[in-house]
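The values are calculated or read from the model by the stated rules, or taken from the named source; none is laboratory data. Keep in mind that this is a model prediction, so the values were computed, not measured. FYI the Cβ positions are ideal-geometry reconstructions off the backbone, even for glycines, and counts take in every protein chain you see. Heavy atoms of the whole protein, side chains included, go into the accessibility calculation; ligands, DNA and RNA do not. Shrake-Rupley method; radii C 1.70, N 1.55, O 1.52, S 1.80 Å.
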Amino acid sequence: MRVLIVGLPLFAKRLKEDLSSFDKENTYYSLDTYYNKWDKIKSFFLIPRVDVVYSINGTLGKSRVFDRAFKFNKKVMLTWVGTDVTKSKKLENINQQYLKQAHHYCEVSWIQEELKELNIDAKILNFFNFKEAKEIHSPESKELSILCYISKNREKYYGWDAVMVAARQNPEVQFNIVGTDGLGDQPENVHCHGWVEDMNPLFNEAHCAIRYVEHDGLSGFVLESLYRGKQVLYSEPLDHCRYVKNVDELSEQVKSMNEELKTGEELINREGAKFIDENFNRDKILSELIEEMKL
């Protein structure tokens, strides 16, 4: 079996590397057909030679990759991840071939429910995976430290305003934000690091992670945080995370964790780490994905 992985470039590349390392019987390729001119050309010639086109991002609009895959009767697998659902809901013209002939997947139940509004009955099938359980340690600092990812140029969507409110109302708490360089004035306890290649030092010193977005699929940042035994404040109702529905709840949860730390609690999320080890371990996730590709 030969599989071409497209869609969100960073995740497509990582998944190709994971599958190639895990499964030596089949061949996997990944191409950035969004932004890379040469990869777009390569896909034109590669698609007739593969058995499956697997996309980490769905659409019911126009896609040259999907059109060519259907032309050569390839299996097309679309994994919907969040924002793509919102975009497809706004389309005036729905591509019926994509709707009816593609195999549709998503990572989590709330996206599955949204997709039903588009007449898509998606199967839950994950691709984020972790090699082995991680040894969990408490951060050395007794001062509450929170880690947050906010995408550059999309700060408002990723909850910048809400995080700033929480930071101002909890001045003793340190907020480390990656992804963005910041927006204008910010409290002294907020530190923006921009794009970070090695996240290990920041994860190691964090007690908690925040993911507060307008609309989300199953966030890899959240899964990574749980894998490392972090408390997570999340704007979606995921197991072993503290669900926050509004800005007030976000700020109150930060305050509550700060008080817990002061009273001697270590704030390690062992149940969250166990949840990832049991449900997102590499053997389970990749085996299920490969079997689905073969069907």
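Here are the numbers for the structure shown:
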| read-out | value |
| --- | --- |
| Matching entry among LYS40, LYS100, LYS62, LYS74 (being at pLDDT below 95 and of a type outside the set (Asp, Glu)) | LYS62 |
| Residues being within 19 Å of LYS16 (Cβ to Cβ), without any contact (Cβ under 8 Å) to a residue 12 or more places away in the chain and basic (Lys, Arg) - total across the range 41-86 | 1 |
| Extreme residue, nearest to ALA102 (Cα to Cα), among residues of the range 60-92 that are more than 17 Å from the chain's Cα centre (by Cα) and among the polar types (S, T, N, Q) | ASN73 |
| GLU140, sole failed condition from (1) open to solvent by 80 Å² or more (accessible area, probe 1.4 Å); (2) within 25 Å of ILE285 (Cβ to Cβ); (3) assigned to a loop (DSSP other than H, G, I, E, B) | (2) |
| Members of the range 184-201 found to be closer than 16 Å to ALA162 by Cβ and among the aliphatic types (A, V, I, L, M), listed by number | VAL190 |
| Selection status of GLY7, without any contact (Cβ under 8 Å) to a residue 40 or more places away in the chain and open to solvent by less than 20 Å² (accessible area, probe 1.4 Å) | no |
| Residues being part of a loop (DSSP other than H, G, I, E, B) and of a type in the set (Val, Ile, Thr) - total across the range 256-295 | 2 |
| Any hit, the range 68-77, residues being in contact with a helix residue (DSSP H, G or I) (Cβ under 8 Å, 6 or more places away or on another chain) and under 17 Å from SER287 (Cα atoms) | yes |
| Given (1) open to solvent by less than 20 Å² (accessible area, probe 1.4 Å); (2) closer than 30 Å to SER21 by Cβ, index of the condition LYS131 fails | (1) |
| Residues located in the range 16-40, provided they are open to solvent by less than 70 Å² (accessible area, probe 1.4 Å) and either assigned to a helix (DSSP H, G or I) or in contact (Cβ under 8 Å) with a residue 40 or more places away in the chain (or both) | LYS16, ASP18, LEU19, SER20, ASP23, ASN26, ASP39 |
| Count of residues meeting criterion [in a helix (DSSP H, G or I) and open to solvent by less than 10 Å² (accessible area, probe 1.4 Å)] in the range 218-232 | 4 |
| Among (1) touching an Asp or Glu at 6+ places or on another chain (Cβ under 7 Å); (2) farther than 23 Å from GLU155 by Cβ; (3) surrounded by fewer than 13 Cβ atoms within 10 Å (Cβ to Cβ) - the single one GLU278 does not satisfy | (1) |
| Members of the range 237-255 found to be surrounded by 21 or more Cβ atoms within 10 Å (Cβ to Cβ) and assigned to a loop (DSSP other than H, G, I, E, B), listed by number | LEU238, CYS241, VAL244 |
